[in-house]
Amino acid sequence: MSPDTGEDFPSDELTERLSRVLAERAGSVRASDDAWSRVQRATAAERGRRHRRLRLVIGVPAGAVGLAAAALVGVLVIRSGGFGAARTSSTAFSAAAGPAAGGASSGAPVHPGAFAPDSGSSSAVASVGAASPAAGPARPVPSGFRGLSATFVSLDHGWLLGTAPCPGPPATASGGTSSAAAPSGAAPGAGCSWVLTTTDGGRSWSAVGRPPTSRVRSVRFADPSNGFVFGPELWATHDGGVSWSPVTLPGLTTAQPEVDAVEAGAGRVHAVVVDGPVVRIYDADPGGSAWTAAGLTLDTGAGPVPSAQLVLAGSSGWVLENDRTVVGGARLAAGRWTAWTPPCTQVAGPAVLAAASPTDLLAVCDVGRWATPEGEQLYVSHDGGATFGAGRPVPVEGVTGLAASAATVVVSGFSTGTDGLARPTLELSGDGGAAWRTVYSGVGNGDWADVGFTTPTRGVVVADGTLLVSSDGGRTWSLRPAGG
Amino acid sequence: MDLAEPGLPPAAVVSFEELFRAQYEPMVRLAYLLTRSRAVAEDLVQDSFVRVRPRLDGLEAPAAYLRRTVTNACYSWHRRRRREQTVPVDPPGAADAAPEELWDALAGLAPKRRAVLVLRYYLDLSEAEIADTLGVRPGTVKSLCHRALADLRQVIEP
C-alpha cells in the first residue's frame, strides 16, 4: 500500500500478528450514520467561534480605543451554527444565494460571489514588491479576490487580507519578498494570500503586498507601517504591507504551533499561540522583532479543538480559551498577564469575548452546546471581567462575532427565516442586550470575521469576502467591495 | 517523498465533503486503535474535522494533516484521561473480536509507542509519513518502533 515499505522496520511473527489484530479490531468499527450531519453542524458552529476574534480597533493611534469609561449601552453580535434542517451548511447557503435577503434594514444583501473580477485581471498578479506603503502606485485588486480579515488604524486607513487564485506559471523572483507564485503548503489552485490597503475608509482598494504563505487567515496593523498576518503562521511587515517576513516566537515546544490571535494596543502587539498542550501569550514592540513570552501559560484543556481569543481595550486585555467549552483565561493589567477566570466556564459551551472599554467586557456564550442546548446568552461585566451580570438571550442561532462600542452591541450570527433557511445576520442592541433588532441580513455561507468598532461609531465586519462598514454605531451597514 | 493520499485525487483541491467521505471512517478506525473507545474515537475525529476545515484551502496534503490532527487529538485525550483518572474505553467483550492478549498489551504502551505501531503495522505508513504524523524526526521513528515492540514482547513473552 505504501510505496516504500522496505525501510527495514522489524517484520517477524510478532509484527504479523500485530497487523492482523489491529486490522481485525479496526474492521469492527463503523462510522455512525449521522456522522456527516453532526460534523456539518459542528463545523458551522466552530467556524463562527474561530471568527470571533474581535478586531476592536487595533492600535488606533491616540485614543480611538480609549472609549472613556462610558457605561456600556449597546452591543453587536454575529452568529453561526445551528443550521437545523440545513444538511450542508455551505451548499444550503449557496443555494440561497441570490437577490433574496431577509429583513435587512440597510444595505444590499451580501452575495458570496459578489466580487466582480477586476478588469485588469491577469496583470494584477504581477509582483507588488516595489510598492511603497503610503504613496505607491495603485495596483489593481487581483481577479477573484476574496476578503478574509480586515483591520483599520484610523477611520480611513485600513488593510484587507484575502485570497485570490495563484498565478499559473511560477513567478520569477521579482523583488521584494512576495514573489512566490504558489506559497509553500498551498495546493495547486489554492488561493494565494494578498493584502490590500485603503486610505478612504474602504471606498477604494489597491493591492499592496503578497505574504508568501497561504497559512494565514487574519490581519492586524498596529500603525501605518507595522502589521501582522497570522493563523496559524505569523508573519510581520514593517513597511505598510509591502514585504513580509516570518516571525519566530521563542520557547515554542511543538512542531505545529498555531497563532490564534494577534492584537495591538497601547503601543504593544500581543499574540496568543496554541502550542500543543498549552496556550502561550507573547508581546512585542510592533516595530521590532523581539517577542517576549508572558510569565504564564494556559492549559489547552482536554478537547482537540483549542481556540484562543484576545481582546484589548486601552491598556487592558483578556485572553479566553475555548476547547469545546471555556477552559481558561488570562487578564492584562499594568503591563502584566495574570490568571483570570473567564465567564461561562460552567455553561458547557464556548464563549466569544468583546470589550467596550477597559472596564466594560462582554461575552456571548453558547449555553449548553455540549450538554443541553439552551441558546446564546450575553453576559456583561463593568469591572473588567471580575464579575458578570445575569445572562440575556441573544436572538441568533449561532454566533460568529461580537463587538461593543460605548453605546451599542453588535452580534454577527445566523438566524433561520420563515423559509427555514439559516442566514447570516447582524443583530444590534442599544440597551445592553435587553432588546435586539436585525440591522443586516444577507445570503452567503456566513463566513463572517472581524466584527468590531474602530471608533464608537465606525463599525466594520468582513462578510463572506466583502467588507461591510457602519458609520453610526452599527445601526446601518453598507458594502465596501474590494473589486470596484 | 510525496505523502500518499489514498482515496483522494492528487494535486487537486479537495472539498471538505470529499475529504470527509474519503477519510471519516478510516480516521475513526485509527482513533479507535489509539483510544480503544468507539465513542471517544468518533468524538475526536469529529472535532478533528472541525479543526481542519478552516485550513483546508491551504493544505497540500489534507489527509496527512487530518491524520496528524486525529493523532494529536488522541494524545490530548490520553493526557486528560490521566489527569481525571478515568478509563472510558469500551468494556471487555464489547468488541466483535475475541479478547486478545496482544490488543491488551498494546493498551499498556505509552501513547507515542502505541501510535508508532498502529501507524506502521495498521496503516502501513512509511518512515517519513510516521514522522510527519507524530511530529518527530524521521530518524527517531525506527527507534520508537523498536522500543515499542520490545515493550510488547516484555508483556506477552515474559
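The values are calculated or read from the model by the stated rules, or taken from the named source; none is laboratory data. Since the structure is predicted, the reported quantities are computational estimates derived from the model, not experimental observations. We place every Cβ from the backbone using ideal geometry, glycine too, and count neighbours over all the protein chains shown.
Miscellaneous remarks
Condition check ((1) in contact (Cβ under 8 Å) with a residue 60 or more places away in the chain; (2) within 14 Å of chain B (Cβ to nearest Cβ)) across all residues:
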| position | (1), (2) |
| --- | --- |
| A:His270 | yes, no |
| A:Asp285 | no, no |
| A:Trp291 | no, no |
| A:Asp299 | no, yes |
| A:Val319 | no, no |
| A:Thr325 | no, yes |
| A:Arg331 | no, no |
| A:Arg336 | no, no |
| A:Leu353 | yes, no |
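- Output for the stretch A:137-178, where each listed residue is surrounded by fewer than 19 Cβ atoms within 10 Å (Cβ to Cβ), under 15 Å from A:Thr197 (Cα atoms) and at pLDDT below 90: A:Pro137, A:Ala138
- Candidate set: the stretch A:17-42, residues that are hydroxyl-bearing (Ser, Thr, Tyr) and in a loop (DSSP other than H, G, I, E, B); chosen: the one nearest to the other protein chains (Cβ to nearest Cβ): A:Ser28
- Among the residues of the stretch A:383-401, those identified as under 24 Å from the mean Cα position of the chain (by Cα) and closer than 23 Å to A:Ala339 by Cα are A:Gly384, A:Gly385.
- Single residue of the stretch A:242-281 satisfying the filter (closer than 23 Å to B:Arg51 by Cα and of a type in the set (Ser, Thr, Tyr)) that is surrounded by the fewest Cβ atoms within 10 Å (Cβ to Cβ): A:Thr253
- So A:Thr338, is it outside any strand (DSSP E or B) and surrounded by fewer than 19 Cβ atoms within 10 Å (Cβ to Cβ): no
- When each of B:Ala41, B:Ala31, B:Ala22, B:Ala61 is tested for being in contact with a Gly (Cβ under 6 Å, 6 or more places away or on another chain) and either under 21 Å from B:His78 (Cβ atoms) or not assigned by TED's automatic domain parsing to the domain that holds B:Ala105 (or both), the lone residue that passes is B:Ala22.
- Test for A:Ala290: is it small (Gly, Ala, Ser) and in a strand (DSSP E or B): no
- The residues of the stretch A:414-457 that are more than 30 Å from A:Val262 (Cβ to Cβ), at pLDDT below 85 and of a type in the set (Asp, Glu) amount to a single one, A:Asp419.
- Unmet criterion (only one of (1) more than 8 Å from every other protein chain (Cβ to nearest Cβ); (2) under 16 Å from A:Leu22 (Cβ atoms)) for B:Ala110: (2)
- The condition (being touching a helix residue (DSSP H, G or I) at 6+ places or on another chain (Cβ under 7 Å) and not hydroxyl-bearing (Ser, Thr, Tyr)) is satisfied by just one residue among A:Arg220, A:Arg268, A:Arg210, A:Arg215: A:Arg215.
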